[in-house]
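Enquirer: Pasting a structure below so you can have a look.
Derivation of every value follows stated rules applied to the coordinates shown; laboratory data play no part. Since the model is a prediction, treat every value here as computed from it, not as a measurement. Counting neighbours? That spans all protein chains shown, and the Cβs are built from the backbone with ideal geometry, glycine included.
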């Protein structure tokens, strides 16, 4: 279990998260919602051990993240960052195969089992016919799905995703959310920063709402994703559009 206790985060003199207690249990799918600049990325980086908090602790199965080796964390926690600067010149399959690195002797070790798993992940995300294509030739949405395929191939207990739906069309947004739901149903812990409350309501059992000035609330999606809460979160009036969706009025 990944747990944060009394977590405090700040950036540029602004308090982003104050005294947050959060327990991410196996089999749970969490959404992370908030306005631009509310601290979603900072929270994901801290939970992944990629950023030190200003206050509080983060532990994995009772052991502080700071006390664990990077290789060990890479075998337990997979992170999809919002932005990626890459000069990768290989094929899409080669790119996805990098997800095997924490379990391999080198980044370029190629095993038949790993290649088969990579192709399966590509097929799951509608990229089977792109396997031999150069990664740099993909569209933005295709690159995003390849990045998610790489993350899934890492085969960790915990998945932390910062805006996994960016650049994706509606069909592939739904596809990715279903894929992540299956991961949670299979016992993995999933937390995803999202901008569409409808996806969170449909697929995520739990939600974290990050307000301004470090304030946060969390709980079951059915209790958190109400019209009143979302209007306060996004600071704009909303109209219910059915099935847990809300549109700016």
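Enquirer: Give me 89, 30 sorted ascending by neighbouring Cβ count inside 10 Å, so fewest comes first.
Expert: Ordered from fewest to most neighbouring Cβ atoms within 10 Å, 89, 30 come out as 89, 30.
Enquirer: Run through every distinct alpha carbon pair of the stretch 1-118 and return the Kirkwood hydrodynamic radius in angstroms, one decimal place.
Expert: By the Kirkwood definition, the hydrodynamic radius is 16.3 Å.
Enquirer: Moving to a separate point now. How much space per residue, in cubic angstrom, does the convex hull of the C-alpha atoms of the chain take up?
Expert: Spelled out: Cα convex hull of the chain, divided by residues, is 127 Å³.
Enquirer: Count the DSSP beta bridges whose two residues both fall in the chain, then state the antiparallel fraction as a percent rounded to the nearest 5.
Expert: 55 percent
Enquirer: I want to verify a result. In a Gaussian network model of the chain, Cα cutoff 10 Å, which of these has the top mean-square fluctuation: 207, 149, 132?
Expert: Fluctuation is largest for 132.
Enquirer: Mind pulling up the Rg/Rh value for the stretch 52-185? Radius of gyration and Kirkwood radius, both on Cα.
Expert: 0.98
Enquirer: Now for a separate question. Could you work out the per residue convex hull volume over the alpha carbons of the stretch 142-249, in cubic angstrom?
Expert: Values: hull volume 12.3 nm³, N = 108.
Cα-based convex hull of the stretch 142-249, divided per residue, equals 114 Å³.
Enquirer: Would you mind calculating the relative contact order of the stretch 1-158 from Cα pairs under 8 angstrom and at least 6 residues apart, reporting the percent as a whole number?
Expert: Averaging sequence separation for qualifying contacts and normalising by length gives 23 percent for the stretch 1-158.
Enquirer: Tell me, what is the FRET efficiency for residue 235 and residue 11 to the nearest 0.05, using R0 = 25 angstrom and their Cβ-Cβ distance as r? Don't skip to the answer; put the middle values down first.
Expert: Working: r = 20 Å, r/R0 = 0.79.
The pair residue 235/residue 11 has a calculated efficiency of 0.80.
Enquirer: In whole angstrom, how far apart do the alpha carbon centroids of the stretch 196-225 and the stretch 42-68 sit?
Expert: 21 Å
Enquirer: OK, next. If each residue's Cβ is checked for other Cβ atoms within 10 Å, how do 88, 29 rank with the fewest at the top?
Expert: Least to most surrounded, the residues fall as 88, 29.
Enquirer: Rounded to the nearest 500 deg cm²/dmol, what is the calculated helix-only ellipticity per residue at 222 nm for the chain, with -39500 (n - 2.57) per DSSP H run of length n ≥ 4?
Expert: Details: 9 runs with 83 residues, N = 249.
The helix contribution divided over the chain gives -9500 deg cm²/dmol.
Enquirer: Helix 112-124 sits at what angle to the longest principal axis of the chain, using alpha carbons and giving 0 to 90 degrees rounded to 10?
Expert: The angle comes out at about 50 degrees.
Enquirer: Per-residue counts of other Cβ atoms within 10 Å, averaged by peptide: what ranking do you get for 61-68, 158-165, highest first?
Expert: Going by the mean number of other Cβ atoms within 10 Å, highest first, we get 158-165, 61-68.
Enquirer: If you don't mind, another one. Pick from 21, 83, 212 the residue whose mean-square fluctuation is largest in a GNM of the chain, springs joining Cα atoms under 10 Å.
Expert: Result: 83 has the largest fluctuation of those listed.
Enquirer: Sorting 178, 76, 70, 145 on the 10 Å Cβ count, fewest up front, what's the list?
Expert: Working: 178 13, 76 19, 70 9, 145 27.
So the residues, fewest neighbours to most, are 70, 178, 76, 145.
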